[in-house]
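Okay, structure first, notes after.
Just so you know, all these numbers are worked out from the coordinates, no wet-lab data involved. Computed from a prediction, not measured in an experiment: that's the story for all the values here. Glycine gets a Cβ as well: all are built from the backbone with ideal geometry, and neighbour counts include every protein chain shown.
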Amino acid sequence: GMKEGAPSPTLATDIFPTITVEPPAPEWAFLAGERLGWMRWYDTAAEGEYSHVGLRNPAGSGVLIVVKEIAVGFGATCNFHIGMRGNSAVDTQNPGYSRDSRLALQGMVGEVVTVTQVAAGIYPMWQGIVLNNVQYVFSQPIVLHPCWEVLVHPSIQNTSVTGSFVWTERPIEQSETR
């Protein structure tokens, strides 16, 4: 028991619950190991040829690439096509740049490529018309497994194409293998 004259214990009257409110994680934070990449490149066609610029996921890369945005411009008013195909010969390949400051400044697996002849075997996905020196932005996701690329090309010969690509890449999960 309590001794006579001893103070009696009391509960504090100022108890308040604490609720921590945090903003939702940005999209890039949802998957561990995912990296954000970007690259801009151009191709000028030789006389009598077509120009192409694209993003390739090289064979054996072990990553899944998701194209987030493609911005294109042409040296002439023309129709253009965006399509996918399995990797084939390309004139140049240039590794993209990481846009994620959490990582070292290192190249991405995805490569921006150019092809100066008619690109055979393209699976067409989108076509449109763009005016000379006006940029067109395509913001639909495109998933590229290893050995696949997405290409942009004009419908006319003897012109140039400039493409900017934004993509994410992450290791392929077992459930995503073919």
Take peptides 144-150, 163-169 and line them up by average Cβ neighbours within 10 Å, highest first, as a rough protection proxy.
-> 163-169, 144-150
Table column - 3J(HN,Hα) (Hz), segment 39-54, Karplus curve with 6.51, -1.76, 1.60, x for Gly and Pro | 7, 10, 8, 9, 9, 10, 6, 6, 3, x, 10, 9, 9, 9, 9, x
Listing MET39, MET125 by rising number of other beta-carbon atoms within 10 angstrom, fewest first, gives MET125, MET39
